[in-house]
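**Student:** One structure, pasted below without further comment.
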């Protein structure tokens, strides 16, 4: 194994991980030792770290080409994995490519080849056809959430990708679903299967909430107030349902974001940013948000519309009670509504009638400068503390992107901040700042 630029202990410390769980420890032993590994574990158990640590440990620091290719079914997951790799600080360049992003921007990023490339099948296949980067040194391929890629119709692109990668020597497939049919073009043989899917999430509570009204909106509102100021996701089956629920919550002064496939990519990204930094406590989403998104400390989810299949129910529930934390899944059921057989719980949640202030103390500001401008999180914090005249408690989470950044600041002070900081200079760049 080629020595990693940064030790595993140092990486875990940087990620604030005290120790690996059993599944992750098994992955550290298996992935470097065998050619093919299948990693099966529930959503939220740390599969990303499980495969990143050993695969990054196999990289050759002297190589100037792409060595590790990670294929994912969605843009959000691609961006998330890129951020995890950056947070690891292992010393290797990473780039992300996905549809909806200008191809010219991809080419510019890939001009100096990264050691790690993360992308969606369609965009990766496009790059391979155009020979944007060398495939000579790509020896490790990770197929993250592989079953989802097949489900949403990427099989032909994935087959094309394998045809363009002659030197693949190690494969890692991950999923939160069992009994996946693996196409022959993947070349999976004699794989080691690390299966943790049958371990029950004992810290997940499933409770029913009975609604007197068929539309369930008043019961939903009562439930949101009952839970209080905790981060959660309300799941719907359709985009139109999200809009319907969103209008009702807006009319009742419940701040929230929406997340579905009909939204532009930049809109979805910003909703997740505002959710992570606390500007939003709630997201109303389709099952697009049930997999692949690393949203920490999610304390509950609500099935506003009941899932149609056990798999959907399982993945939605996997958004909470993650990594040994507790969480609750609320099943919102009209009193005359048929309950699928796979939803079984004896627990009925009685709702209090009290209504409380659920407004967030934060707002999110956009900053028109990022990594490519040599701007760091420390630079941004310093600017807001000194020129923005803020206290440390007035600054929340900062997310730094390649060409921009986002910062959560105290709602009571953001108007003053804009007056003081908009069109100021940061690292020799004149930046714009505005609320999103």
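Only the coordinates and a few stated rules stand behind these numbers; no lab work does. A quick note: this is a predicted structure, and the numbers were derived from the prediction, not measured. Note that we place each Cβ from the backbone using ideal geometry, even for glycine, and neighbour counts take in every protein chain shown.
**Student:** Using all alpha carbons of region 274-344, what is the percent of pairwise distances in each 10 Å bin, ordered from the shortest bin to the longest?
**Tutor:** Calculated over all Cα pairs of region 274-344, the distribution is 18, 52, 25, 5 percent.
**Student:** Next up: When only alpha-carbon atoms count, how far does region 204-334 stretch along each of its three principal axes, as whole angstroms with the largest first?
**Tutor:** So the extents along the principal axes, rounded to whole Å, are 38, 35, 29.
**Student:** Okay, helix-only estimate at 222 nm for the chain: each DSSP H run of n ≥ 4 adds -39500 (n - 2.57), divide by all residues, round to 500 deg cm²/dmol; what do you get? Let's see the in-between values first.
**Tutor:** On the way: 14 runs with 136 residues, N = 436.
Only helices count here, giving -9000 deg cm²/dmol.
**Student:** When the convex hull of the C-alpha atoms of region 362-435 is computed, what volume per residue in Å³ does it have? Spell out each step's value before the answer.
**Tutor:** Values: hull volume 5.1 nm³, N = 74.
Spread over its residues, the Cα hull of region 362-435 gives 68 Å³ apiece.
**Student:** Among DSSP beta bridges lying fully in the chain, give the percent that are antiparallel, nearest 5.
**Tutor:** Numbers: 15 of 64 bridges.
Close to 25 percent.
**Student:** Based on alpha-carbon centroids, what's the gap between region 264-336 and region 381-409 in Å, whole number please?
**Tutor:** That distance is 27 Å.
**Student:** Now a separate question. Of the listed peptides 277-283, 330-336, 264-270, what is their order by residue-averaged count of other C-beta atoms within 10 Å, with the highest listed first? Intermediate results must be reported in sequence, preceding the final value.
**Tutor:** Numbers: 277-283: 22.0, 330-336: 17.9, 264-270: 15.3.
Result, highest mean first: 277-283, 330-336, 264-270.
**Student:** Could you work out the Rg to Rh ratio of region 8-195, with Rh taken as the Kirkwood radius (inverse of the mean 1/r over all Cα pairs)? Kindly include the intermediate steps, with their values, before the conclusion.
**Tutor:** Details: Rg = 15.4 Å, Rh = 16.6 Å.
Ratio of gyration radius to Kirkwood radius for region 8-195: 0.93.
**Student:** May I ask for the equivalent-ellipsoid semi-axes of region 161-207, computed as the square root of five times each C-alpha gyration tensor eigenvalue and listed largest first in whole Å? Walk me through the numbers on the way to the answer.
**Tutor:** Values: eigenvalues 201, 25, 19 Å².
Equivalent ellipsoid semi-axes, largest first: 32, 11, 10 Å.
**Student:** Write down, largest first, the equivalent ellipsoid semi-axes of region 87-146 in whole Å, where each equals the square root of 5 times an eigenvalue of the alpha-carbon gyration tensor.
**Tutor:** Numbers: eigenvalues 59, 41, 34 Å².
Equivalent ellipsoid of region 87-146: 17, 14, 13 Å, largest first.
**Student:** Please check: in the Gaussian network model of the chain (C-alpha springs, under 10 Å), which one of 151, 312, 76 has the largest mean-square fluctuation.
**Tutor:** 151
**Student:** Under a plain spin-label model, where a point goes 7 Å from the Cα along Cα-to-Cβ, how far apart in nm are residue 16 and residue 207?
**Tutor:** The answer from the label model is 2.7 nm.
**Student:** Modelled label-to-label distance, residue 403 and residue 436, 7 Å Cα→beta-carbon offset: nm?
**Tutor:** Label at residue 403, label at residue 436, 1.3 nm between them.
**Student:** A follow-up question, please. Give me the three principal axis extents of the chain from the C-alpha atoms, as integers in angstrom, largest value leading.
**Tutor:** 63, 58, 39
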